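No lab work stands behind these numbers, since they all come straight from the coordinates. Quick caveat: nothing in here was measured; it's all calculated off a predicted structure. Every residue, glycine as well, gets a Cβ built from its backbone with ideal geometry; the counts of neighbours run over all protein chains shown.
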Amino acid sequence: MPNYIHGYISEEQERLLSQAGTLASLIYPWIDFSQSKNLLEIGSGVGAQSKLLLELYPELELTCVEIEASQIEKAKTNLASFFDRKITFVQQDAQQLSLDKTFDSAFICWVLEHLSQPLKVLKGAFSHLNPGGVIYLTEVFNSSFHFFPEFQGLADYYEAFNEYQRQNGGHPDVGLQLGNLLHQAGFIEIKLHHGGFHLDQSQPQPLALMCDYWKSLMKSAAEGMKEIGLISDLDLNQMEKDLDQLKTERNAVFFYQFVQAKAVRKQ
Ligand SMILES: C[S@@+](CC[C@H](N)C(=O)[O-])C[C@H]1O[C@@H](n2cnc3c(N)ncnc32)[C@H](O)[C@@H]1O
C-alpha cells in the first residue's frame, strides 16, 4: 500500500498501540457493541483497537480486514493472548470489500482519512451488515486543531502534514463528512458525536502527554514528507521544539476535535 502516510516501520506499529491506549477513554464511552456477536473491523492495523474491543466485549467474534500483510502479522502477535476467541484476519482492500459472510456490527477508526474512496468503504460495510446491523466510525477533523500561543514552526509543519495526506488521496477533514457519507451509502438513524481535547495549564500533565503524543503523530509522516520536499530536518526539529515549548507556556492551549458516527442498516 504505497500511499499510506504513516508507513509500516516497527516504530509506527508501536505508535498505533500507544495511540489506541492514549485515546481509548475518549473514544469508547460513545460506542456500544454490547448487543453484537459478530463484528467486522475495517482497517484493523496492528490490532490496537481490536485488543480494546475484545477486552470490552468478551463474547464478541471479530473479523479484521487490513490491506497490509505486515500489519496483520503484528496484529496476530498483539492479539496472541486472546487465543480462545474467534478472530479472523483478512488481507484485503476495504475499497473492494468482498467477504463470504455478513455481520451484525462494524467498526472503523482512523482509516477513512487515508482512503481516496471512503464512500466505497461504507457501501462495502453496508452490504456486509445484516439488516438492523450497526456501524460506528471515529475519524479525524484536522482543521479543528488550535493551539495558543502561536508557534510558526508547528503551524507550518501541521499544514504540510495535511497537504501530504491530501496529495496521497486522503481527507484530513473526513470527520465532517461522516453523516453525508453514511447517508449516501444507504444507512439510516445516523447520529454524530464530537470528541476530543481542550487542554491548558489547569491540567498540565494531560497537556504534556498530548504534546508528546502529537509529536509522535506528526513525526510518523516525516520521512515521506521529506522525500517529496514538503519539510526539511530543520522543520521537523522546530515542530518538536514548539510542542515541547507549548507544554511550558503559562497560557498554553491545545484543542482538537474528532468526529464519531453511529448508523444502522435498515431492517
Ligand atoms: C491509522 S491506521 C489505524 C489502524 C487501527 N484502526 C487503529 O486505530 O489502530 C490505518 C490502517 O488502515 C489500513 N488501510 C489503509 N488503506 C486501507 C485499505 N484500502 N483497506 C484496508 N486497510 C487499509 C492501513 O494499512 C493501516 O493499518
Seminar exercise, completed: How many residues of the stretch 216-234 are in contact with a helix residue (DSSP H, G or I) (Cβ under 6 Å, 6 or more places away or on another chain) and surrounded by fewer than 18 Cβ atoms within 10 Å (Cβ to Cβ)? The answer is 1
Exercise. Does Q96 satisfy the condition of being closer than 15 Å to E66 by Cα and either more than 16 Å from the ligand (Cβ to nearest atom) or surrounded by fewer than 18 Cβ atoms within 10 Å (Cβ to Cβ) (or both)?
Worked result: yes
Exercise. So which of L207, L154, L178 is of a type outside the set (S, T, Y), within 30 Å of A125 (Cβ to Cβ) and in contact with an Asp or Glu (Cβ under 8 Å, 6 or more places away or on another chain)?
Worked result: L178
Problem set entry | Matching strands (runs of 3 or more DSSP E) fully within the stretch 99-212 where at least 1 residues are under 28 Å from L60 (Cβ atoms), hydroxyl-bearing (S, T, Y) and within 16 Å of the ligand (Cβ to nearest atom) | 103-109, 129-139
Exercise. For the stretch 26-69, what are the residues that are within 13 Å of the ligand (Cβ to nearest atom) and part of a loop (DSSP other than H, G, I, E, B)?
Worked result: I31, G43, S44, G45, V46, G47, I67, E68
For this session: Give me a count of the residues in the stretch 1-25 that are basic (K, R) and away from the ligand (no atom under 11 Å from the Cβ).
Result: 0
For this session: Report yes if some residue within the stretch 76-90 is within 8 Å of the ligand (Cβ to nearest atom) and either within 24 Å of H128 (Cβ to Cβ) or more than 13 Å from the chain's Cα centre (by Cα) (or both); otherwise report no.
Result: no
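Can you pull out every residue in the stretch 25-56 that is among the aromatic types (F, W, Y) and touching a residue at least 60 places away in the same chain (Cβ under 8 Å)?
Once the filter is applied, which keeps residues that are among the aromatic types (F, W, Y) and touching a residue at least 60 places away in the same chain (Cβ under 8 Å), the stretch 25-56 yields W30, F33.
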